[in-house]
């Protein structure tokens, strides 16, 4: 697809899906490094694990504090950083942001397991460096509606920054109650046309979406863990920190993004 067509499609729908965007060699490198970190935290050569899921759950159950430390440090693995700043990723981010320069936010690995009842209610991506943000959401395992898949409302980015009860809180802090608020919001006459979809994704498939599109994740209803790579790219053209001496580095949750130019 031509660049102009990709650009138009992205801004028309608020997202685009590219199959096998993150190649197997890159996924293997990520898992190799995640395994290395786990070996250091588990620190027991006598234990044998069938896979990385088993190893992670062992650490979680036996040393939750070290599990948190492990989670915190995964984002600094060089594999994640090199992928986020690769020509392939930057090409799409710069195309959709229509800029030759972008701010690359810290890439992350999102790890979710069957015992964890929490899942992200739908929200918009706030508390970022600028108004326009492009997110790459790439599962490292197959995902769908039953095992923590991503669901979102196409074209809802056209609503701009939507302010509603508790929208000034992060999705984690707002909790499960936010989903009821969002459902009521999208049952209103002017919002009903924005229906949620849940694409079934294979390892490496990329969902690239705008920060204003309403999105969340389903709870995991299988015995499989979910490993997801994410990276974000911020526009340099509407970052308050560059223009306002009093601005904070990240735009606060209680700010009105619609007023940012």
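Taking the number of other C-beta atoms within 10 Å as the exposure measure, put 125, 180 in order starting with the fewest.
Values: 125 17, 180 11.
Going from sparsest to densest Cβ surroundings: 180, 125.
Where does helix 64-74 land angle-wise versus the long Cα axis of the chain, in degrees 0 to 90, nearest 10?
The answer is roughly 60 degrees.
Calculate the FRET efficiency for residue 200 and residue 180 from the Cβ-Cβ distance with a Förster distance of 22 Å, rounded to the nearest 0.05. Mind showing how you got there, number by number?
Numbers: r = 26 Å, r/R0 = 1.19.
The computed FRET efficiency comes out at 0.25.
Express the relative contact order of the stretch 51-164 as a whole percentage, based on alpha carbon pairs under 8 Å and six or more residues apart in sequence.
This gives 19 percent for the stretch 51-164.
How far is helix 87-97 tilted, in degrees, relative to the longest principal axis of the Cα atoms in the chain, given as a value from 0 to 90 rounded to the nearest 10?
Compared with the principal axis, the helix lies near 30 degrees.
Starting with the fewest neighbours, write out 198, 101 ranked by other beta-carbon atoms found within 10 Å of each beta-carbon. Kindly include the intermediate steps, with their values, before the conclusion.
Details: 198 15, 101 10.
So the residues, fewest neighbours to most, are 101, 198.
What does the extension gain come out to for residue 39 and residue 7, with contour length at 0.36 nm per residue minus their alpha carbon separation? Please list the in-between numbers first.
Details: separation 32, 0.36 × 32 = 11.52 nm, distance 4.28 nm.
So the chain would gain 7.2 nm between residue 39 and residue 7.
What shape does the stretch 120-197 take by its C-alpha gyration tensor, where a ≥ b ≥ c are the square roots of the eigenvalues and a/c under 1.5 counts as rounded, a/b above b/c as prolate, and the rest as oblate?
Details: a/c = 1.38, a/b = 1.20, b/c = 1.15.
It comes out rounded by the Cα gyration axes.
In terms of the Cα gyration tensor, with a ≥ b ≥ c the square roots of its eigenvalues, is the chain rounded because a/c is under 1.5, prolate because a/b exceeds b/c, or oblate? Don't skip to the answer; put the middle values down first.
Working: a/c = 1.60, a/b = 1.41, b/c = 1.14.
Verdict is prolate for the chain.
Let me know the shape class of the stretch 185-261, please: from the alpha-carbon gyration tensor, a ≥ b ≥ c as square roots of the eigenvalues, rounded when a/c is under 1.5, otherwise prolate if a/b is greater than b/c, or oblate.
Numbers: a/c = 2.56, a/b = 1.51, b/c = 1.69.
It is oblate, given that a/c is not under 1.5 and a/b is not larger than b/c.
What percent do you get for the relative contact order of the chain when only Cα pairs under 8 Å and 6+ apart count? Display every interim value, and only then the final one.
On the way: 456 pairs, mean separation 84.3, N = 261.
32 percent.
What angle, in degrees between 0 and 90 and rounded to the nearest 10, separates the Cα long axis of helix 52-62 from the longest principal axis of the Cα atoms of the chain?
Result, in degrees: 80.
So how do 232, 110 line up by other beta-carbon neighbours within 10 Å, fewest first? Numbers along the way, then the final one.
Working: 232 22, 110 17.
Listed from fewest to most nearby Cβ atoms, that is 110, 232.
Please state the relative contact order of the stretch 30-106 as a whole percent: Cα pairs under 8 Å, 6+ residues apart?
Working: 36 pairs, mean separation 20.8, N = 77.
With pairs under 8 Å counted, the relative contact order is 27 percent.
If I take R0 = 41 Å and measure r between the Cβ atoms of residue 32 and residue 221 in this structure, what FRET efficiency does the formula 1/(1 + (r/R0)^6) give, to the nearest 0.05? Intermediate results must be reported in sequence, preceding the final value.
Working: r = 29 Å, r/R0 = 0.70.
E between residue 32 and residue 221, to the nearest 0.05, is 0.90.
All of the numbers you see were taken from the coordinates with simple rules; none came from a lab. Owing to the predicted nature of the structure, the values given are computational and were not obtained by experimental measurement. FYI the Cβ positions are ideal-geometry reconstructions off the backbone, even for glycines, and counts take in every protein chain you see.
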